[in-house]
Amino acid sequence: MPEDYSATYRILDSSTNRASEGLRTLEELARFGLDDASLAAELKSLRHDLTSALQTIQRSKLLAARDTEGDVGTALQEPTEYRRRDLKSVLLAAAARVQQSLRVLEECSKPIDPQLSGSLEQLRYRSYTVCATLESSWPQHRRVSQLAEAKLYVLIDATASESQFEQLVRDLCHGGVDVLQLRDRQVDDRTLIARGRLGTKLAKEHDALFIMNDRADLALAADCDGVHVGQEELPVDIARQILGPQRLIGLSTHSIEQARRAVQEGADYIGCGPVFPGQTKQFANYGGTGLLKEVANEIDLPAFAIGGIDTTNLPQITAAQFQRVAVAGVVRNAEDPIAMARNLKQQLA
């Protein structure tokens, strides 16, 4: 084997293994996750066609170039490699691995076999189609679907009584609120659990979501749709261990760097702010609409602007390409909370 091609064969060997492993993972997901014989057959065919195409390269050359112990890449690890929220995230990672590896095979085979490169290009195009079909066919759980459509998120407290709390939740749901968060540090855990159970039940009746603030344990005990944590509260990965893959985890972010980390950590949505000074919390610094613009340009997670938002400054939020807001005082202190919620929702449409 010419010395000049040793690196080429090492790359081809490694990428072949990665592509094959990724295709086998996708095949099993189609077979056992979707019970889809057609998709499983296409992925199996793609895997075998890859093997056939690569038969033009002598396997002895690939094996001779293999040096697992000397591969510096085996020591390069990212924490997110070992975190998968659910099988959907496994699917997405495997699909990306397949497509990236096929592209590497296509490019690096050009110096030794241009015809093989052309065949690999066609396999890559096939992978795009089958991976897209597999992803779109994978069932999305109710909470993620509802979150994707949510625009108005309202923070509430436990109120003085259960009947008052029930009326508040019903009123806000009638006003078009998509997500409710129970945040109250003045009441005991048992009250929070009771309110959480009631709020979750009522929210579900109105196709809304109900979130517990800070306490993942109470969110689980109350069967809430999820938990929202801050930068100094429970880490997202620990919250995920408590709540499992089917409940939502939101994270407060105050900078674009924190928003990026939220994506890496596996948050389902983020709160961005504080945008303006508000009635609930005071901060030394405010992100303003500049932060919103950064997040809108870069982050794909559902993101809710929060902090001092009302009907007078809401146009500044939407001008920053944000169509989701989280509010508290503007609704809670309104003479007519239902009308206020509807007003805000209409401006976000």
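Every number in this text was worked out from the coordinates using simple rules, so none of it is lab data. Remember, predicted model here, so these are calculated numbers, not experimental data. Ideal geometry is used to build each Cβ from the backbone, glycine not excepted, and the neighbour counts take in all protein chains shown.
Starting from the Cα-Cα distance between Arg142 and Tyr125, subtract it from 0.36 nm times their residue separation and give me the gain in nm to one decimal.
Numbers: separation 17, 0.36 × 17 = 6.12 nm, distance 3.16 nm.
Here the answer is 3.0 nm.
The length gained by stretching the chain between Ile11 and Ser255 to full extension, at 0.36 nm per residue less their Cα-Cα distance, is 84.0 nm.
Going highest first, how would you order 233-241, 313-321 by mean Cβ packing within 10 Å? It would help to have the intermediate numbers written out before the result.
Details: 233-241: 17.9, 313-321: 15.7.
Final packing ranking: 233-241, 313-321.
Normalised by residue number, the volume inside the convex hull of the Cα atoms of the range 3-136 is 107 Å³ per residue. The distance between label points at Asp188 and Asp35 comes to 4.8 nm (points 7 Å beyond Cα on the Cα→Cβ vector).
Comparing Thr200, Thr25, Thr56 in a Gaussian network model of the chain (Cα springs below 10 Å), the most mobile by mean-square fluctuation is Thr56. Here the simple spin-label model places points 7 Å from the Cα toward Cβ, and for Lys345 and Ser161 these points are separated by 2.7 nm. Here the Karplus relation 6.51 cos²θ - 1.76 cosθ + 1.60, evaluated at θ = phi - 60°, turns the backbone of the range 195-200 into coupling constants of 5, x, 4, 5, x, 5 Hz, with x for every Gly and Pro.
Taking label positions 7 Å along the Cα-Cβ direction at both His206 and Asp49, the computed distance is 5.2 nm, reported to one decimal. Based on Cα contacts under 8 Å between residues 6+ apart, the range 3-136 shows a relative contact order of 37 percent.
Over the chain, dividing the summed -39,500 (n - 2.57) contributions of all DSSP H runs of at least 4 residues by the number of residues returns a 222 nm mean residue ellipticity of -17000 deg cm²/dmol. Across the range 142-348, the mean sequence separation of Cα contacts (distance under 8 Å, 6 or more residues apart), normalised by length, yields a relative contact order of 20 percent.
To the nearest 10 degrees, how steep is helix 256-265 against the longest Cα principal axis of the chain, on a 0 to 90 scale? Helix 256-265 sits roughly 70 degrees off the main axis of the chain.
Based on other C-beta atoms within 10 Å, arrange Ile211, Ile338 from fewest to most.
So the residues, fewest neighbours to most, are Ile338, Ile211.
The simple Förster model, with R0 at 22 Å and r as the Cβ-Cβ distance, assigns Val263 and Ala132 a FRET efficiency of 0.55.
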